[in-house]
Structure formats: C-alpha cells, structure tokens
Amino acid sequence: MPAHPYSRDLHTVEQLRVMERAALSALGISGPELMRRAASAALNSLRRHWPQLQQVCIHCGPGNNGGDGFLLGVLAREAGLQVELVALTATSHGDAAAARAAWEAGGGRVRLWDAQAALPEAELHVDALYGIGLNRAPEPVPARLIETINQSGRLVLALDVPSGLDTDTGSCPGAAIRADVTITFIAGKRGLHTARAADQVGVLELATLGVPDSVYTDTLPDAQLLVAEALPPRARYANKGNYGHVLVIGGEHGMAGAARLAGESALRAGAGLVSVATRAGHVFALNTARPELMAHGVDGPQALAPLLERASVLALGPGLGQAAWGHALWLTALDANKPLVLDADGLNLLVREPRRFGAPTVLTPHPGEAARLLGVATAAIEQDRFAAVRELARRHAAVVVLKGAGSLIADPDGRLDVCPWGNPGMAGGGMGDLLTGIVAALLAQGCSAWQAACLGVGLHARAGDRAAQQGERGLLASDLLAPLRALGNGMTGYEREHD
C-alpha cells in the first residue's frame with residue numbers, strides 16, 4: 001500500500017485538535033462516527049498483525065480514547081472475538097459515553113479496574129486509556145494498571161498513543177504503556193518519533209480515517225520525518241577537486257581514533273580530499289592505517305593556518321580536547337569563517353565562549369552537550385527535545401542536530417526534521433565522529449548546511465541499521481563505513497548481498 005501523501009508530517013497536540021474539528025466539518029460526520037472509523041481501523045490492524053488471535057482485553061479510560069476502545073469492543077465482538085472490557089471509571093464523558101452505551105446495549109459487561117485483582121485472561125491487551133491530551137504522569141490507579149499491563153507478558157496494541165507518553169515531546173513523566181503496535185489516527189504526532197517513544201510505541205501505523213486532503217493542507221506541520229536519499233550520480237568528467245577538501249581538526253594525545261573516524265567517514269561519504277590536523281605523534285599511525293587521509297602534525301595555530309587556506313570545509317572537535325592546544329586550534333579554525341561542522345570538544349569550548357556563526361555551520365550535540373550549551377540539566381533536554389534543538393539553532397544561527405533516539409535537525413528559522421532510523425547499537429564511542437565526517441563531506445560536495453545535516457543524519461542512521469543486522473550489541477563505529485558507502489551510492493540491496 002502506498003504511503004499517505006502527508007505521512008511525513010508531524011503535528012503538535014494543539015494542531016491535532018484543530019485538524020480533528022476540521023475533519024468532522026469536512027466529512028460532515030459526528031464525533032461518534034469518527035470514533036467508529038478509528039475503532040474499525042484498530043480492528044483491521046489487530047487482524048493484520050495477529051490473524052489467529054481470539055482473546056482480547058480492552059482497557060478504556062473515561063475520555064475519547066476510551067470511546068475508541070468501547071467501539072473496538074463492539075466491532076471485535078461482532079467479528080467473533082472473545083472480548084473483555086476493563087474501565088478506569090464507572091462513567092464515561094462526551095462522545096465516549098455513547099460508545100460505552102453501544103457496548104453495553106449489545107450485552108457487553110464492563111469490569112471496573114481493581115488494583116487488587118488480576119487482569120482478565122487475554123492474548124492481547126488494548127490500551128485505550130489516555131489519548132493525546134495527557135502531558136503529566138498518570139494518577140496512581142491508572143499508573144498501576146499501566147504497569148500491570150506491561151508486566152503481563154502479553155501483546156499490547158495502543159490506540160492513537162501509548163498511554164503515559166507525552167504526545168508533544170516523547171517524554172514519559174510517569175508510567176507509560178510499552179506497546180507492540182501503536183495505531184495512530186488522522187495525522188502523525190511528533191512525540192511518537194523521538195526520546196522515550198522508541199521504547200514505548202513499537203510498530204507505528206497511521207490510519208487517516210478517510211480525512212480529506214484539505215485538512216492537511218490547511219495546517220502546516222510542526223516537523224517532518226526524514227526520507228531516505230542518496231547522492232546523485234557523479235559526472236563522468238569529475239575530478240577530486242569537484243568534491244571539496246575536508247579538514248578534520250582534532251586528535252589530542254590519546255584520541256587519534258576520533259580524528260581518524262571522522263576523516264575516514266568523510267572519505268566514504270564522498271569528499272574529494274580529506275586532511276587531518278592532529279598531534280604529530282599520531283601521523284605515522286594515521287598514514288599506516290588509512291593512507292588516503294593526509295595527516296599533518298600541528299603544534300599550534302601557525303602550523304594550522306596553511307591547512308585552513310586549502311580546506312573548503314572544517315570538521316572541528318573530534319578528540320580535540322579542551323586544553324591549550326585544542327583551544328588555540330579551535331579559535332584559529334573559527335576565525336577562518338569557513339563552512340563548519342562542530343562536535344564533541346568543539347561544542348564544549350563553545351559553552352565557554354558562545355558565538356553565532358556567519359558561515360554555513362552544523363552543530364551536532366548529544367543531549368549532555370546540548371544541556372551544557374543551554375545551561376540546563378540533561379533531563380531538561382530530554383523532557384522537550386524539540387524546544388531544545390530549536391533554541392540552540394536560534395541562539396547560534398546554525399543548523400543543529402540533536403542526537404539520540406529519534407535525532408532532530410533544526411534550522412534557525414524553526415524548521416525541524418526527525419530521523420526515523422537508528423538503533424541502540426549505535427550508542428557507543430566513535431558514532432558521533434562518523435556523523436561529523438559525513439556531514440562535512442556533504443557540505444564539501446555542495447550541499448547547504450540544512451541538506452548536509454538531513455542527508456548526513458539519514459545516511460548515518462541507515463548505515464547503523466544495516467550494520468546492526470548482525471546484532472546491536474558489540475556494534476563498532478567502523479562497522480558503518482561499508483554500508484555508508486553503499487547507501488551513499490543508492491545501493492539499497494546491500495544487506496542481501498552481504499548476509
């Protein structure tokens with residue numbers, strides 16, 4: 001089935017409420033009818049994923065999400081499934097009250113949740129407790145139900161969002177459902193694609209419920225998902241000068257590997273030339289391990305100056321350190337005012353000496369680095385990654401990549417893309433150095449800072465997913481180099497050829 005034309009679009013809760021009202025008006029239907037469409041889509045998802053399943057327990061809250069659950073119960077019972085229904089409250093409100101009445105009119109029994117009782121026996125638990133409006137920790141009673149469902153060991157289908165997950169931010173202020181599948185309705189929600197959502201959502205599906213295109217075109221999305229891209233084919237008359245010269249600056253004593261990984265990933269991502277300015281003691285090892293890198297021993301700004309003149313793009317920070325040597329090179333490099341990727345200790349030095357950038361610049365902080373740049377705790381970054389990355393981009397007049405599960409890319413004007421790829425095997429040393437080199441290589445090949453960041457993040461994450469096919473645990477940064485090269489050339493069948 002082809003993707004919905006607006007499936008990349010991600011919205012805030014405020015936008016979603018506007019879209020839902022617009023959908024009811026455009027379709028000329030009532031709230032209960034839209035609820036029935038959601039329930040029908042949920043049943044179709046359930047049947048598609050688990051066609052042999054017979055026993056279902058649906059857990060309903062008092063609001064519209066619970067209404068979706070009650071109507072799913074009606075449809076599932078009509079389809080011949082054995083359905084148990086557990087409710088948080090003795091009554092439902094709004095349109096959910098009519099949905100509850102429809103369940104009871106057919107002879108359906110509602111069991112009130114009792115924290116002292118066991119869950120009904122079921123092959124699948126359906127989460128219809130809370131919808132998009134919950135942005136705080138669930139109260140103790142529903143929190144206990146959420147925890148009991150998570151501990152049951154049974155399959156879980158979440159309706160619209162996993163209860164307890166903040167739809168806007170992807171954070172979990174308290175207990176939250178861990179779903180195997182989440183079917184979300186009408187439009188994409190930005191919080192389902194980053195932060196804690198990676199562990200809560202499971203397989204994510206979008207059911208638009210027949211909403212017309214006008215509803216989507218009238219509301220600009222808050223963010224969008226990245227799409228898979230490769231670089232265009234090279235011209236036959238090309239030479240290395242057409243693809244830029246990246247200068248990697250870093251590699252303090254004991255950290256030559258960071259500079260090498262950044263340099264080698266720049267080569268694999270297609271830079272025409274890559275030089276490395278590093279400690280003199282690292283030059284022999286770099287030349288031996290990767291002779292295509294032009295390694296130079298640099299003892300200070302004077303030695304760095306001629307390398308800066310020849311470079312078209314700088315990759316500043318991998319293994320740089322924050323001592324006198326690294327600080328002096330950092331200042332000299334920034335004063336060159338060349339297109340730049342700034343990472344690692346390059347960002348830590350920016351904390352001490354903040355600045356706005358004039359040349360095309362990409363910053364690539366992880367949450368800890370972002371927290372230092374904004375002067376807050378790391379937990380505050382993870383509570384709202386969208387606000388954090390936008391503020392960093394605005395403050396530094398740069399494109400910013402906030403790394404992590406569901407990496408975010410923002411520009412100074414507030415545009416934001418979300419990366420849907422990547423895996424926990426990439427939570428290891430050297431992965432950020434690879435990204436620095438990839439983005440720098442794309443800048444060198446003529447991409448804008450925004451294009452380089454988006455394409456670079458996508459290639460990096462997809463290469464990580466290819467490399468993780470042999471297992472996430474023990475994945476090395478250098479394992480990404482071969483699939484990175486293949487993906488950059490549009491070789492989508494790489495995984496089949498290298499099993």
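The values are calculated or read from the model by the stated rules, or taken from the named source; none is laboratory data. Owing to the predicted nature of the structure, the values given are computational and were not obtained by experimental measurement. Cβ coordinates were reconstructed from backbone atoms using ideal geometry, including for glycine residues, and neighbour counts include every protein chain displayed. Only protein heavy atoms, including side chains, enter the accessible area calculation; ligands, DNA and RNA are left aside. Shrake-Rupley method; radii C 1.70, N 1.55, O 1.52, S 1.80 Å.
Quick notes
- Every listed requirement among (1) open to solvent by 20 Å² or more (accessible area, probe 1.4 Å); (2) closer than 18 Å to H245 by Cα is met by P301 save one, (2).
Residue by residue, here is whether (1) farther than 28 Å from D417 by Cα; (2) not acidic (D, E) holds:
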{"position": "K189", "(1), (2)": "no, yes"}
{"position": "A195", "(1), (2)": "no, yes"}
{"position": "D199", "(1), (2)": "no, no"}
{"position": "Q224", "(1), (2)": "no, yes"}
{"position": "E229", "(1), (2)": "no, no"}
{"position": "A258", "(1), (2)": "no, yes"}
{"position": "G281", "(1), (2)": "yes, yes"}
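- Looking only at residues of the stretch 340-357 that are over 13 Å from G317 (Cβ atoms) and not basic (K, R), we find that the one that is most open to solvent (accessible area, probe 1.4 Å) is P354.
- Number of residues in the stretch 309-334 that are among the small types (G, A, S), in contact with a helix residue (DSSP H, G or I) (Cβ under 7 Å, 6 or more places away or on another chain) and closer than 20 Å to L293 by Cα equals 5.
- When the stretch 358-395 is limited to residues that are within 28 Å of G446 (Cβ to Cβ) and out of contact with any helix residue (DSSP H, G or I) (no Cβ under 7 Å at 6 or more places or on another chain), the one that is most open to solvent (accessible area, probe 1.4 Å) turns out to be R394.
- Positions within the stretch 67-81 being touching a residue at least 40 places away in the same chain (Cβ under 8 Å) and open to solvent by 10 Å² or more (accessible area, probe 1.4 Å), in sequence order: D68
- Qualifying residue in the stretch 55-66 (condition: outside any loop (DSSP other than H, G, I, E, B), out of contact with any Leu (no Cβ under 8 Å at 6 or more places or on another chain), in contact (Cβ under 8 Å) with a residue 12 or more places away in the chain and not acidic (D, E)): yes
Condition check ((1) touching a Gly at 6+ places or on another chain (Cβ under 7 Å); (2) surrounded by fewer than 18 Cβ atoms within 10 Å (Cβ to Cβ)) across all residues:
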residue: E123; (1), (2): no, yes
residue: V161; (1), (2): yes, no
residue: D166; (1), (2): yes, no
residue: G170; (1), (2): yes, no
residue: D180; (1), (2): yes, yes
residue: G188; (1), (2): no, no
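- Annotation note: Cβ proximity below 6 Å between a residue of the stretch 233-245 that is at pLDDT 90 or above and open to solvent by less than 100 Å² (accessible area, probe 1.4 Å) and a residue that is part of a helix (DSSP H, G or I) and among the small types (G, A, S) (sequence gap 6+ or interchain) occurs for G244/A444.
- Residue count for the stretch 98-127 under the criterion of being within 20 Å of P62 (Cα to Cα) and either among the aromatic types (F, W, Y) or touching a residue at least 24 places away in the same chain (Cβ under 8 Å) (or both): the result is 18.
- Residue pairs meeting the criteria (Cβ under 9 Å; at least 6 apart or on separate chains; first in contact (Cβ under 8 Å) with a residue 12 or more places away in the chain and aromatic (F, W, Y), in the stretch 15-41; second open to solvent by 50 Å² or more (accessible area, probe 1.4 Å) and part of a helix (DSSP H, G or I)): none
- The criterion of at least 1 residues that are over 20 Å from the mean Cα position of the chain (by Cα) is met, among strands (runs of 3 or more DSSP E) falling completely within the stretch 184-286, by 203-207, 245-249, 273-278.
- Residue within the stretch 261-280 that is crowded, with 24+ Cβ neighbours inside 10 Å, of a type in the set (K, R), closer than 17 Å to L307 by Cβ and free of Cβ contacts under 8 Å to residues at least 60 places away in the same chain present: no
- Residue identified as closer than 22 Å to V74 by Cβ, modelled with pLDDT of 95 or more and surrounded by fewer than 19 Cβ atoms within 10 Å (Cβ to Cβ) among L112, L145: L112
- Test: residue in the stretch 39-48 that is out of contact with any Leu (no Cβ under 9 Å at 6 or more places or on another chain) and open to solvent by 40 Å² or more (accessible area, probe 1.4 Å): yes
- S92 being small (G, A, S), in contact (Cβ under 8 Å) with a residue 24 or more places away in the chain and not in a helix (DSSP H, G or I): yes
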